[in-house]
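Heads up: the structure comes next, in structure tokens.
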Amino acid sequence: MANKERLFSEFQAPTTQEWLDKIEVDLKGADFQKRLVWRTNEGFNVQPFYRREDLKELKAVDSLPGEFPFVRGNKTDNNLWFVRQDIDAQDAKAANAKALDILNKGVDSLGFKIPGKSVSKEFIATLLDGILPQYVELNFDTCQRHCVELATVLLDYFKQKKYPLADLKGSINFDPINKMLLKGKDTSSLCAEVSPQLIAALKELPGYRCIHVNSVSLNNAGAYIYQEMGYALAWGAEWMNILTEAGVDATEAAKRIKFNMGVSDNYFMEIAKFRAARMLWAQIVKQYGVAEKDCKMHVCAYTSEYNQTLFDSYVNLLRSQTEAMSASLSNVDSIVVTPFDKPYETPTDFAERIARNQQLLLKEEAHFDKLVDVAGGSYTIEHLTDAIAKEAWKLFLEVENAGGFLAETLKGNIANAVNASNDKRHADAAKRKEFILGTNQFPNFTEKSEGKQPVCCCDTVTNETALPALNTERLASQFEALRLATEKAKKQPIAFMLTIGNLAMRQARAQFSCNFLAAAGYKVIDNLGFKTVEEGVDAALEAHADIVVICSSDDEYAEYAIPAFQYLNGRAMYIVAGAPACSEDLKAAGIENFIHVKSNQLETLQAYNAKLGI
């Protein structure tokens with residue numbers, strides 16, 4: 001007879017209030033809201049824990065995978081996604097050789113970027129020679145004015161080869177709105193003119209999506225998560241309006257739209273973003289009279305370029321792996337992992353191999369492709385899904401009430417709003433409110449650029465009447481420019497830690513100061529401690545220090561800081577680590593430089609470089 005006794009039935013489940021009471025005891029009087037409640041950039045609070053009762057008002061948790069509104073994904077029996085790699089197809093033969101090679105290395109989705117002038121039967125025949133499109137998802141990106149021509153050429157090629165047209169899957173990236181955002185040029189006339197023609201040209205290829213929402217561009221320009229999602233929904237709705245007004249059936253229009261979305265390293269929030277996006281998109285499409293089964297959102301996720309770095313670039317692997325995990329666990333349809341070296345060079349074969357293997361690891365070793373909606377039922381993620389959906393929906397309605405996404409793009413409001421977020425994030429990074437591991441936090445002290453230079457992916461807008469364009473400057477770019485400038489100096493500045501007094505405080509402040517100053521590429525020298533300030537200054541000068549940082553406790557600065565400054569006598573830059581109560585007295589004695597947790601790190605280091613003649 002089976003034992004029906006409930007496990008741990010003798011224990012009474014604690015209430016939420018009991019948990020809160022216990023937390024307050026552990027906090028020892030510290031403010032719960034300040035210590036444990038996280039205020040997101042999306043405008044809502046995240047609690048340190050959630051319980052079943054927090055989800056009682058959420059309707060979406062009752063749906064199943066594959067069911068409207070698809071918050072739990074479009075799939076019902078697995079979580080398979082396409083492992084995609086994009087190829088620059090300037091040369092058809094070389095691109096074909098590369099494609100055939102990587103198809104044997106785990107890729108099952110190819111993206112080809114084709115010059116508009118190269119679109120022809122001969123080019124496509126060479127490019128796709130030996131590739132069987134019924135087994136591989138094929139994606140194409142070319143000049144917007146050549147998309148219809150490309151569609152016609154592809155269809156003729158597939159027919160000539162007698163491939164099963166109904167089984168072929170792929171896309172043609174038609175999105176003039178994205179070009180407007182990136183280049184600041186008004187190409188809006190192409191939207192209504194070309195899109196119906198393109199859909200008609202692909203009529204015999206039902207598995208090809210050709211109308212794209214490239215919100216990955218917003219992600220790479222520093223948009224917050226709710227911004228990318230809210231704008232992506234408005235972008236998609238704009239396409240539904242354009243297509244239906246042009247006479248395209250709403251169901252057909254919905255089936256032709258594809259979302260290329262970015263994914264940042266905010267792990268749980270990104271999982272929630274994709275779940276919420278599917279849910280809201282299904283509700284939007286349904287309003288056009290589309291049957292619920294056809295309201296699915298098709299997403300290709302790109303790991304972000306915005307948070308990648310030139311220095312300590314292998315950390316980019318950690319970032320993109322976290323991002324790929326978020327995308328896969330949130331049930332997207334395909335993923336592109338950005339190679340770790342893209343910020344400073346055309347990705348090498350090694351970097352591309354690692355990028356492919358990052359996805360293969362998730363499939364073959366972590367088995368993420370076997371489980372449907374792993375996140376479903378997680379109290380935290382279900383709450384985040386609902387919360388981010390609400391914020392994105394507010395933004396969606398704002399755009400709709402202002403005339404729609406295209407109108408807002410033409411007014412410059414979309415680019416300006418995202419650029420404002422980019423500026424805010426750069427400002428936060430400068431103050432270390434937003435961490436960049438290996439750049440503004442815990443830099444590699446001994447690393448050199450070894451000739452690496454940032455690759456500019458920005459489109460320069462020279463037309464005076466052009467629209468505002470997205471600023472795609474990476475988050476680490478200003479710190480990288482600072483460090484590269486330091487490398488070019490005749491002498492690498494040496495920062496010497498004059499540690500004295502209280503052991504715990506001097507060690508903590510020396511570690512902080514080393515990390516702070518090494519972000520500029522300075523050589524930092526830490527020390528165990530000195531008995532007198534004279535001994536410390538003499539050791540610094542013997543080490544040919546350009547900067548002397550006194551590291552002690554707040555109370556002891558009153559005793560040590562001024563004598564050390566006077567003994568140094570201008571023979572090196574002098575910095576006090578911290579913001580002691582006696583700061584005004586120290587300033588009155590002529591001490592100008594202080595570094596502490598509230599310092600603007602970027603501006604401070606730029607000023608130091610200027611003083612050092614860099």
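Numbers below:
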{"read-out": "Taking the chain and dividing mean pair separation by its residue count, relative contact order in percent (alpha carbons under 8 Å, at least six apart)", "value": "13"}
{"read-out": "Furthest towards positive pole of dipole, 613, 541, 355, structure part the chain, Cβ charges", "value": "355"}
{"read-out": "Within the accessible area of the stretch 117-251 (1.4 Å probe), percent carbon and sulfur", "value": "48"}
{"read-out": "Rounded to the nearest 10 Å², the accessible area of residue 499 at probe 1.4 Å", "value": "0"}
{"read-out": "Helix axis angle, 349-364 relative to the chain longest principal axis, alpha carbon, degrees", "value": "70"}
{"read-out": "Positive-end residue, the stretch 88-183 charge dipole about Cα centroid, Cβ charges, pick of 170, 124, 139", "value": "124"}
{"read-out": "Per residue accessible area in Å² of the stretch 275-381, where ligands, DNA and RNA are left out and the probe is 1.4 Å", "value": "35"}
{"read-out": "Pairwise label distance in nanometres, residue 245 with residue 456, each label 7 Å out on the Cα-Cβ vector", "value": "3.7"}
{"read-out": "Rel. contact order, % - alpha carbon contacts under 8 angstrom, at least six apart, the stretch 52-131", "value": "25"}
{"read-out": "Diffusion constant of the stretch 202-274 at 10 °C, which comes from Stokes-Einstein with the Kirkwood Cα-pair radius and 1.306 mPa s, µm²/s", "value": "120"}
{"read-out": "Formal net charge of residues neighbouring residue 395 (Cβ-Cβ distance under 15 Å; K, R +1; D, E -1)", "value": "-4"}
{"read-out": "Furthest towards positive pole of dipole, 515, 550, 578, structure part the stretch 506-587, Cβ charges", "value": "515"}
{"read-out": "As computed over the stretch 347-448, the Cα convex hull volume per residue (Å³)", "value": "233"}
{"read-out": "Rough spin-label spacing in nm, given labels placed 7 Å along Cα→Cβ, for residue 367 and residue 105", "value": "2.8"}
{"read-out": "Two-site FRET efficiency, residue 186 against residue 427, from Cβ-Cβ distance with R₀ of 30 Å, rounded to 0.05", "value": "0.45"}
{"read-out": "Solvent-accessible area, 1.4 Å probe, carbon plus sulfur percent, for the stretch 391-454", "value": "54"}
{"read-out": "Derived scalar couplings ³J(HN,Hα) [the stretch 164-177; Karplus, 6.51 cos²θ - 1.76 cosθ + 1.60; whole Hz; x for Gly, Pro]", "value": "x, 4, 5, 9, 7, 10, x, 7, 10, 7, 9, 6, x, 5"}
{"read-out": "Per residue accessible area in Å² of the stretch 496-608, where ligands, DNA and RNA are left out and the probe is 1.4 Å", "value": "44"}
{"read-out": "Overall Cα dimensions of the stretch 288-339, principal axis frame, Å, largest first", "value": "51, 19, 12"}
{"read-out": "Charged-residue dipole, Cβ positions (Lys, Arg, Asp, Glu), the stretch 330-382 about Cα centre, Debye nearest 20", "value": "40"}
{"read-out": "Heavy-atom surface of the stretch 9-97, accessible at 1.4 Å and reported per residue (Å²)", "value": "67"}
{"read-out": "Dipole magnitude of the chain, debye to nearest 20 (Cβ charges: Lys/Arg +1, Asp/Glu -1, about Cα centre)", "value": "880"}
{"read-out": "Pairs beyond 24 Å (Cα-Cα), from 424/488; 531/598; 296/411; 75/255; 121/255", "value": "424/488; 531/598; 296/411; 121/255"}
{"read-out": "Square roots of five times the Cα gyration tensor eigenvalues for the stretch 433-569, Å", "value": "38, 16, 13"}
{"read-out": "Overall Cα dimensions of the chain, principal axis frame, Å, largest first", "value": "86, 70, 51"}
{"read-out": "Per-residue HN-Hα couplings for the stretch 290-305 [Karplus 6.51, -1.76, 1.60; θ = phi - 60°; Hz; x = Gly/Pro]", "value": "7, 4, 4, 5, 9, 9, 6, 9, 9, 10, 10, 9, 10, 5, 5, 9"}
{"read-out": "Förster radius 35 Å - calculated FRET efficiency between residue 88 and residue 445, Cβ distance, rounded to 0.05", "value": "0.45"}
{"read-out": "Theoretical gain in end-to-end length, residue 22 to residue 62 [0.36 nm per residue, Cα-Cα removed]", "value": "11.2 nm"}
{"read-out": "Probe 1.4 Å - accessible area at residue 423, Å² to nearest ten", "value": "90"}
{"read-out": "Förster radius 25 Å - calculated FRET efficiency between residue 193 and residue 292, Cβ distance, rounded to 0.05", "value": "0.20"}
{"read-out": "Percent carbon-and-sulfur accessible area, the stretch 269-381, ignoring ligands, DNA and RNA, probe 1.4 Å", "value": "56"}
{"read-out": "Two-decimal Rg/Rh across the stretch 389-506, once Rg and the Kirkwood Rh are taken from alpha-carbon atoms", "value": "1.14"}
{"read-out": "Spin-label pair residue 143/residue 76, simplified geometry with 7 Å Cα→Cβ offset, distance in nm", "value": "4.6"}
{"read-out": "Descending semi-axes in Å of the stretch 64-190, equivalent ellipsoid built from Cα gyration tensor", "value": "25, 22, 15"}
{"read-out": "Of 34/523; 159/258; 169/363; 273/370; 363/452, those spanning more than 26 Å from alpha-carbon to alpha-carbon", "value": "34/523; 363/452"}
{"read-out": "Difference of contour (0.36 nm per residue) and Cα-Cα distance, residue 466 to residue 485", "value": "3.6 nm"}
{"read-out": "Rounded to the nearest 20 debye, dipole of the stretch 481-604 from Cβ charges on Lys, Arg, Asp, Glu", "value": "580"}
{"read-out": "Linear extension gain, residue 13 paired with residue 117, 0.36 nm per residue minus alpha-carbon span", "value": "30.6 nm"}
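The values are calculated or read from the model by the stated rules, or taken from the named source; none is laboratory data. Because the structure is a prediction, the values reported are computed rather than measured. Glycine gets a Cβ as well: all are built from the backbone with ideal geometry, and neighbour counts include every protein chain shown. Ligands, DNA and RNA are stripped out before the accessible areas are found, and what is left, the full protein with its side chains, is counted by its heavy atoms. Shrake-Rupley method; radii C 1.70, N 1.55, O 1.52, S 1.80 Å.
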